[in-house]
1. From the phi angles alone, apply the Karplus equation (6.51, -1.76, 1.60; θ = phi - 60°) to the stretch 82-90 and give each ³J(HN,Hα) in whole Hz, x where the residue is Gly or Pro.
2. Could you check which residue among P90, P154, P23 shows the biggest mean-square fluctuation in a GNM of the chain with a 10 Å Cα cutoff?
3. Based on the inverse mean of 1/r over its pairs of different Cα atoms, what is the Kirkwood hydrodynamic radius of the stretch 69-123, in Å?
4. Any idea how far apart S79 and Q38 come out in nm if each label point goes 7 Å out from Cα toward Cβ?
5. In the Gaussian network model of the chain, springs joining C-alpha atoms below 10 Å, which of A118, A97, A69 carries the largest mean-square fluctuation?
6. Per 0.36 nm of contour for each residue apart, how much would the distance between S172 and V87 grow if the chain were fully extended, relative to their Cα-Cα spacing?
7. In the neighborhood of E55, defined by Cβ-to-Cβ distances under 9 Å, what is the net charge if each Lys or Arg adds +1 and each Asp or Glu adds -1?
8. Using the Karplus curve 6.51 cos²θ - 1.76 cosθ + 1.60 with θ = phi - 60°, work out ³J(HN,Hα) for each residue of the stretch 42-47 in order, rounded to whole Hz, and write x for Gly and Pro.
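Values quoted throughout were computed directly from the atomic coordinates according to the rules given, and no laboratory measurement underlies them. Quick caveat, the model's predicted, so the values are computed rather than measured. Cβ coordinates were reconstructed from backbone atoms using ideal geometry, including for glycine residues, and neighbour counts include every protein chain displayed.
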Amino acid sequence: MHLRWATVVALLAMPALAQDAPPSVSVLLMLKLVTYDQALATRGTGDFVVAIPYEKSQTKALDEVLLAAKGLPQTRIASRALRFVSVSDPGDDAKLAKALDEEAPAALLVLPGSSRTAAYTRLAREKKLYTLAVSAADAELFALFGVTTKDGKPLPVVNLAAARELGVQLPSSVLKISKTVQ
């Protein structure tokens, strides 16, 4: 009996697990974070394309993100038209790189549950793309931006190592209101 109470007390003392914000909130907030990059103007011209690589098992998550993207009030990033494209992942890095090159993305949005996050991270780094993760856990591991929740409210996640590697320069005011991870 004493052991059960100790277990209950230990569980209650644990911090709540991070929860992902809904795609309608996370996509909007991550794109807003991109606009705060002080080096954004130097990162290309033309449409601001967000590529979403997906595996066959991720079509439901892809549909949710595309629906959220369609409902965004934001249609531009800086002065660039905002456009989302889905890219079917053939499971081969070279073929995926070629498919991404055809779209000329500025950002890569990674869906939750991908088995190819290492490949996506590598390609995004090679191509100097912003990485956005719908899953807060993915943002903490490899992506530049993500969104979690705290007390039921969305909380931006900024991966400082990814920011340094990409040369993203965020004002301290953004970092103060975000969960930052190394």
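1. Going residue by residue, I get 8, 9, 10, 10, 8, 10, 5, 7, x Hz, with x marking Gly and Pro.
2. P90
3. Value: 12.7 Å, from the Cα pair sum.
4. With each label placed 7 Å out from Cα toward Cβ, I get 2.1 nm.
5. Sorting by GNM fluctuation, first place goes to A118.
6. Gain in length upon complete extension: 27.2 nm.
7. Summing Lys/Arg as +1 and Asp/Glu as -1 gives +1.
8. 8, 9, x, 10, x, 4
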